[in-house]
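J.: Before anything else, here's the structure in question.
The values are calculated or read from the model by the stated rules, or taken from the named source; none is laboratory data. A quick note: this is a predicted structure, and the numbers were derived from the prediction, not measured. Cβ placement follows ideal geometry from the backbone for every residue including glycine, while neighbour counts extend to all protein chains displayed. Surface accessibility is based on the protein's heavy atoms, side chains included, excluding ligands, DNA and RNA. Shrake-Rupley method; radii C 1.70, N 1.55, O 1.52, S 1.80 Å.
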Amino acid sequence: MWRLLWRSIDRFSLQHFKSVITELRQIKVVNEQNRDTVVDLLQTIVEIVTYGDRQDPLIFECFMEYQVLAEFVRVLKISTSSTIEAPLLQYLSIMIQNMDSEHAIYYCLSNDYVNNIVAHPYNFNAGDLALYYVSFLRAVSSKISRDTLCLLVKVHGDVVVSFPMYTEALKFAQHEEKMIQTAIRALTLNIYNICDDNVYQFITTPPASIYFSDLVSSLRKQCLQLDALVNSSEDKCTHQRNKDIFLKTDKIVDDLFYFKDMLSVGESRLSRVVTQNLLSLLILPLLLPLLKLGENKGSYHISAVTSLYIVSRLLQVVGGKHLINGVAGLLLYHYMALCEREAIATNGDTAGSTGDASPLLHSLNDINIKVSGHEAEGEKEININYLLQHLNVQTSSNSHFDGSPRDDNVCIERFGIFAYLFSDNHSISLASLFLLLTLAENKGNIVILAYPIDLEHFPASLLGMSQSQGLMNNCESAFLKVDGSILVRLMPQILKTLLKVLACQPPVSPPMQWHTGWFLRKVLQCQGNKLTDDNIHLFNTSYEQSRECLQKELDGCWFDHIPDTIGNEWGSCKKALELQFHVKDPLFTLELEICQQAIDGNFNSCFAWERMVDAVKVFILHLQLKALIFMGCLLEKPSLESPSDSDLGKTYSRDISSPSFGSEVSLGSGIPCRIAFSYAGVRDIYLVAVARGISGKLILAEKHPFRSQRGVVIAIAPLAGLSPRIDEDHPTWLHLRIREFEPNFVKAKGSQSKVSTPPADGRWTLGFHSAKACETARLLILEETCKQRSSVESMLAPLLREDYLVNVLDSQGD
């Protein structure tokens with residue numbers, strides 16, 4: 001034992017370290033024959049240096065004296081095989097990561113050791129060398145400080161002319177391996193957070209600054225791919241397509257968070273180059289189709305709903321005053337121009353006005369928007385000033401200030417995003433409203449929304465923000481004195497549009513109703529929960545539709561699960577309705593766009609289950625909205641009481657009402673029949689149908705060999721959904737449909753889960769000795785099913801009554 005301990009101590013001794021260095025120096029060439037020996041030497045050196053950095057200062061002094069890092073560089077140069085490169089980079093990464101002393105780190109970064117290792121001509125085409133190389137670069141970047149950064153750059157005078165580690169790392173920025181992409185982004189952020197002025201000048205000017213435009217171009221390409229998925233004419237609303245869209249949006253959001261991290265560094269030059277690239281290469285080209293200029297000024301052929309999603313998500317994730325102002329300035333340009341010109345025409349006073357209705361867009365002067373031209377032209381550029389001139393011309397040609405009465409709101413609805421807001425395409429309408437609310441939520445950053453919006457009512461009351469957070473306190477610019485608020489002025493139309501969506505006939509999809517309801521709650525909060533008579537009529541129509549849809553499910557194959565589903569879904573529905581704006585993902589707009597068609601006529605019990613759950617959720621939505629309108633608050637989960645035993649009429653013994661496979665049951669009400677099993681042949685059995693409260697079972701039992709009035713259960717099926725049918729050609733055959741889908745599986749995964757490959761429903765065929773006995777069995781099943789359904793209806797009756805809210809208020813008063 002002591003000998004082993006001594007060997008362990010001796011292994012990290014200074015003498016042993018010197019012997020290993022000497023042995024490494026004697027290597028003149030690295031080939032396949034001595035490759036393993038060299039790898040062992042490198043590993044030993046790294047282990048001893050790591051130990052010495054923390055335990056023995058003499059070891060690191062020896063490390064510097066013998067210039068061991070120079071030996072690592074020499075090994076790279078004398079190697080005839082690339083197989084030495086990966087382990088060498090791996091051991092260097094380990095050594096650098098484990099260094100604690102600033103003195104050791106400073107030495108490792110000096111004398112161009114790192115730059116020489118970085119600049120070595122590696123062959124990245126084979127194996128995992130790229131991963132080891134990038135890991136080494138990231139390890140180095142994690143140890144850089146403002147004091148040591150100068151050791152890795154080359155300068156001429158005061159100008160940085162080369163930064164090898166940074167420029168070599170950027171070559172892997174678009175690598176297909178996710179781990180490598182992540183490492184490069186971590187490396188760049190490490191560098192951005194410790195750069196000095198000279199290095200920032202290098203990073204934010206060409207050719208190094210091309211990295212930022214390449215990043216945005218890559219993001220733009222992903223947006224185009226997303227749009228292609230959204231608008232694909234094949235595989236409408238399939239689970240695989242939804243999965244592909246989710247994965248693509250997930251990658252886009254990852255990129256957006258990277259841009260946010262760069263802007264969060266807080267360096268003005270970095271923020272400027274990132275913002276300008278986002279505006280010129282992505283945001284402004286996406287916004288051009290939304291401006292409805294009457295001619296194609298050059299979009300990337302992205303649909304409106306995808307553009308609205310991307311811009312909304314970008315503002316949510318990245319944010320920033322300049323980005324938000326740029327979006328708001330262009331989208332609301334028509335409205336601001338009309339308001340300014342109307343103010344001038346009304347007051348006859350141009351004092352303090354520049355004649356330009358978009359003062360915040362001055363910060364975008366000289367930005368060139370990259371757009372797609374004809375195929376032969378490729379990409380072309382439009383200057384922002386030219387675009388503003390075109391917008392001015394269009395606004396002038398579509399507005400009249402001749403003193404005649406006009407409807408301001410109708411005028412507003414003609415232009416840009418407001419035309420989409422009131423579109424017949426509901427998904428585009430909701431996407432437009434979401435983007436406008438996104439701008440409103442970021443009011444602290446927006447200059448453009450300040451002067452036309454009445455902050456006393458909007459958006460503070462809508463978004464739950466205090467007046468002390470209002471925009472007027474955050475903006476120092478001179479604003480035009482225009483009364484009223486664009487969204488407040490349009491709120492009646494927005495409210496009616498949302499109610500019309502809910503009251504559509506035939507009804508829109510359940511997801512569309514739910515998201516519309518979420519928006520409606522926000523608008524109702526802004527309106528003080530007040531509705532006009534016309535709006536109340538629209539809502540009542542919608543409420544009645546939701547109640548009728550739920551009542552129809554009482555005739556479906558899952559009526560027995562409706563009470564439990566109401567209890568299970570109530571809390572999640574209430575939580576979804578109360579969801580704060582800033583955490584709501586606009587991805588729903590794409591989901592609505594691709595899945596607007598109703599479920600087809602498929603009678604599979606799995607699809608019937610989803611339809612029933614959707615009907616429950618839509619009814620809960622309407623009941624909550626009704627409570628909000630008439631009570632001013634949302635409802636807590638109701639208590640649904642099961643009918644008492646005295647209300648059930650006929651009672652059964654416990655063994656009949658709660659059977660289990662292999663248990664004994666009474667055959668008193670059973671009907672003899674036969675059934676053929678693929679694994680057990682034809683068997684003589686008894687059919688027993690029994691309903692007790694909201695529970696109902698169909699039992700197949702074999703006669704007990706010793707007890708004539710008892711049977712042994714061999715199969716059990718839910719009574720609901722059996723749909724008994726007598727065979728047309730064989731009147732003694734009774735066909736039953738058996739629910740094979742297990743709803744508990746979906747509940748375990750979450751109420752939003754959808755089953756991509758639902759199991760097929762089971763089929764039982766029972767044979768009776770006569771047609772009369774077959775008909776008797778059919779009527780018995782229908783009778784017991786009717787009893788079960790009546791119990792469910794009694795349980796739900798209070799919730800479905802018109803005076804339910806009155807009863808809730810009375811109970812609260814008590």
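J.: Would you check if there is a residue in region 96-106 being hydrophobic (A, V, I, L, M, F, W, C) and over 19 Å from Val140 (Cβ atoms)?
T.: Restricting attention to region 96-106, the residues satisfying the condition of being hydrophobic (A, V, I, L, M, F, W, C) are 96, 99, 104-105.
Subset that is over 19 Å from Val140 (Cβ atoms): none.
The answer is no, given that none of the residues of region 96-106 is hydrophobic (A, V, I, L, M, F, W, C) and over 19 Å from Val140 (Cβ atoms).
J.: Next up: Report yes if Asp100 is over 36 Å from the mean Cα position of the chain (by Cα), within 24 Å of Gln55 (Cα to Cα) and open to solvent by 30 Å² or more (accessible area, probe 1.4 Å), otherwise no.
T.: For Asp100, the condition - over 36 Å from the mean Cα position of the chain (by Cα), within 24 Å of Gln55 (Cα to Cα) and open to solvent by 30 Å² or more (accessible area, probe 1.4 Å) - is met.
J.: Next up: Looking only at region 169-185, which residues are under 25 Å from the mean Cα position of the chain (by Cα), buried (at least 16 other Cβ atoms within 10 Å of the Cβ) and assigned to a helix (DSSP H, G or I)? If you could, list the steps in order and put the result at the bottom.
T.: In the first step, residues of region 169-185 are kept if they are under 25 Å from the mean Cα position of the chain (by Cα); the result is 173-185.
Retained after the next criterion (residues that are buried (at least 16 other Cβ atoms within 10 Å of the Cβ)): 173, 175, 180-181, 183-185.
Listed by number, the residues that qualify are Ile180, Gln181, Ala183, Ile184, Arg185.
J.: Might you check whether a residue that is free of Cβ contacts under 8 Å to residues at least 40 places away in the same chain, assigned to a helix (DSSP H, G or I) and among the charged types (D, E, K, R) occurs anywhere in region 580-595? Before you say what the answer is, go through the steps one by one.
T.: Within region 580-595, the subset free of Cβ contacts under 8 Å to residues at least 40 places away in the same chain is 583.
Still in the list and also assigned to a helix (DSSP H, G or I): 583.
Cutting the leftovers down to among the charged types (D, E, K, R) gives us none.
No, region 580-595 contains no residue that is free of Cβ contacts under 8 Å to residues at least 40 places away in the same chain, assigned to a helix (DSSP H, G or I) and among the charged types (D, E, K, R).
The rows are residues; the columns are (1) at pLDDT below 95; (2) open to solvent by less than 60 Å² (accessible area, probe 1.4 Å); (3) under 18 Å from Glu176 (Cα atoms); (4) touching a strand residue (DSSP E or B) at 6+ places or on another chain (Cβ under 7 Å).
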| residue | (1), (2), (3), (4) |
| --- | --- |
| Glu234 | yes, no, no, no |
| Cys237 | yes, yes, no, no |
| Lys243 | yes, no, no, no |
| Asp250 | no, no, yes, no |
| Phe257 | no, no, no, no |
| Lys260 | no, no, no, no |
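J.: Which of the residues belonging to region 490-510 are over 15 Å from Ser427 (Cβ atoms) and not in a loop (DSSP other than H, G, I, E, B)?
T.: Across region 490-510, the qualifying residues are Leu490, Met491, Pro492, Gln493, Ile494, Leu495, Lys496, Leu499.
J.: Take the residues in region 126-148 that are surrounded by fewer than 18 Cβ atoms within 10 Å (Cβ to Cβ) and not basic (Lys, Arg); name whichever of them is farthest from Ile184 (Cα to Cα).
T.: Only one residue fits best here, namely Asp147.
J.: Oh, and also: Just give me the residues in region 561-593 being within 30 Å of Lys787 (Cα to Cα) and open to solvent by 20 Å² or more (accessible area, probe 1.4 Å), in sequence order.
T.: His561, Asp564, Gly567, Asn568, Gly571
J.: Within region 706-737, count every residue that is over 14 Å from Arg778 (Cβ atoms), under 52 Å from the mean Cα position of the chain (by Cα) and in a loop (DSSP other than H, G, I, E, B).
T.: Residues flagged as over 14 Å from Arg778 (Cβ atoms), under 52 Å from the mean Cα position of the chain (by Cα) and in a loop (DSSP other than H, G, I, E, B) within region 706-737 amount to 2.
J.: Here's another thing I want to ask about it. For Glu32, all conditions in the list (1) open to solvent by 70 Å² or more (accessible area, probe 1.4 Å); (2) assigned to a helix (DSSP H, G or I); (3) under 30 Å from Asn125 (Cα atoms); (4) of a type in the set (D, E, K, R) hold save one; what is the number of the exception?
T.: (2) is the only condition that Glu32 fails.
J.: Answer yes or no as to whether Asp564 is out of contact with any strand residue (DSSP E or B) (no Cβ under 6 Å at 6 or more places or on another chain), charged (D, E, K, R) and in contact (Cβ under 8 Å) with a residue 12 or more places away in the chain. So that I can check it myself, show each step before the final result.
T.: Values: out of contact with any strand residue (DSSP E or B) (no Cβ under 6 Å at 6 or more places or on another chain): yes; charged (D, E, K, R): yes; in contact (Cβ under 8 Å) with a residue 12 or more places away in the chain: no.
Considered against the rule, which asks whether it is out of contact with any strand residue (DSSP E or B) (no Cβ under 6 Å at 6 or more places or on another chain), charged (D, E, K, R) and in contact (Cβ under 8 Å) with a residue 12 or more places away in the chain, Asp564 comes out as no.
J.: Is it the case, given these coordinates, that Thr776 is surrounded by fewer than 17 Cβ atoms within 10 Å (Cβ to Cβ), β-branched (Val, Ile, Thr) and over 38 Å from the mean Cα position of the chain (by Cα)?
T.: yes
J.: Further question: In region 53-96, what count of residues is obtained for those that are farther than 21 Å from Asn111 by Cα and of a type in the set (Gly, Ala, Ser)?
T.: Count: 4.
J.: For region 153-168, which positions are part of a strand (DSSP E or B) and open to solvent by less than 60 Å² (accessible area, probe 1.4 Å)?
T.: Our first condition is that a residue be part of a strand (DSSP E or B); within region 153-168, this holds for 154-156, 159-162.
Result: Val160, Ser162.
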